[in-house]
Amino acid sequence: MRDFRRQVAVLGTLHELTSDAERASAFRRGMASLAQAALDPAAAPFAGCASERLLSSVKVMLSSRLLDQLEFLRPAAAASALYALAGALPSASAERRELGRRLLKRVAFGDAQSFVTLCTALALGSTRAFEA
């Protein structure tokens, strides 16, 4: 598997980008790479990325509604990327809870492949993306 860490790391810099077009392009590249990296249960796609920087970027993703625009990914890939992103955030953050809500919607209303992908990630993972 290719090393996607550099492409994924761009997700931790979105809050530093000033142009909406730049931010959207970096978001798409980062989420596509994160979806690839999340296929490996042993991967640590955000290793070395400061959680505070990632949290600031997720706030930007939510406020600019970038996380509502994941149709460029297959539903199962989008679910994997959201799960990996949520797992990298501080456990007590409102943003992590929001990503958890979005993941639960994908489990409840998504397609079968998304359901299987998320349930597999939950079974294999040690993080708790769905904390309340």
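The values are calculated or read from the model by the stated rules, or taken from the named source; none is laboratory data. Small disclaimer: the values here were computed from a predicted structure and weren't measured. When we count neighbours, we look across all protein chains shown, and the Cβ atoms used for this are built from the backbone with ideal geometry, even at glycine.
So GLY30 clears everything in (1) under 20 Å from ALA94 (Cα atoms); (2) at pLDDT below 95; (3) buried (at least 18 other Cβ atoms within 10 Å of the Cβ) except one condition, right? Which one?
GLY30 satisfies all of (1) under 20 Å from ALA94 (Cα atoms); (2) at pLDDT below 95; (3) buried (at least 18 other Cβ atoms within 10 Å of the Cβ) except (1).
Keeping to segment 59-78, report how many residues are among the aliphatic types (A, V, I, L, M) and more than 24 Å from ASP40 (Cα to Cα).
The total comes to 4.
Please work out if LEU17 is at pLDDT 85 or above and in contact with a helix residue (DSSP H, G or I) (Cβ under 9 Å, 6 or more places away or on another chain).
Yes; evaluated as a whole, the condition is true for this residue.
Give, as residue ranges, the helices (runs of 4 or more DSSP H) completely inside segment 9-92 that count at least 1 residues that are touching a Phe, Trp or Tyr at 6+ places or on another chain (Cβ under 7 Å) and farther than 25 Å from PHE115 by Cα.
51-63
Which residue out of SER51, SER57 is touching a Pro at 6+ places or on another chain (Cβ under 6 Å) and of a type in the set (Ser, Thr, Tyr)?
SER51
Failed condition for LEU104, given (1) at pLDDT below 90; (2) closer than 20 Å to PHE4 by Cα, with all others met?
(2)
Of the conditions (1) free of Cβ contacts under 8 Å to residues at least 12 places away in the same chain; (2) hydrophobic (A, V, I, L, M, F, W, C); (3) over 19 Å from ARG6 (Cβ atoms); (4) surrounded by fewer than 16 Cβ atoms within 10 Å (Cβ to Cβ), PHE115 satisfies every one except a single condition; which number is it?
(4)
Kindly indicate whether any position in segment 114-121 is more than 13 Å from the chain's Cα centre (by Cα), modelled with pLDDT of 90 or more, among the hydrophobic types (A, V, I, L, M, F, W, C) and part of a helix (DSSP H, G or I).
There is no residue in segment 114-121 that is more than 13 Å from the chain's Cα centre (by Cα), modelled with pLDDT of 90 or more, among the hydrophobic types (A, V, I, L, M, F, W, C) and part of a helix (DSSP H, G or I).
Let's see how each residue does on (1) closer than 24 Å to ARG97 by Cβ; (2) touching a residue at least 40 places away in the same chain (Cβ under 8 Å); (3) over 12 Å from the mean Cα position of the chain (by Cα); (4) exposed (fewer than 14 other Cβ atoms within 10 Å of the Cβ):
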| site | (1), (2), (3), (4) |
| --- | --- |
| GLY12 | yes, yes, no, no |
| ALA26 | no, no, yes, no |
| ALA38 | yes, yes, no, no |
| VAL60 | yes, yes, yes, no |
| SER63 | yes, no, yes, yes |
| LEU66 | yes, yes, no, no |
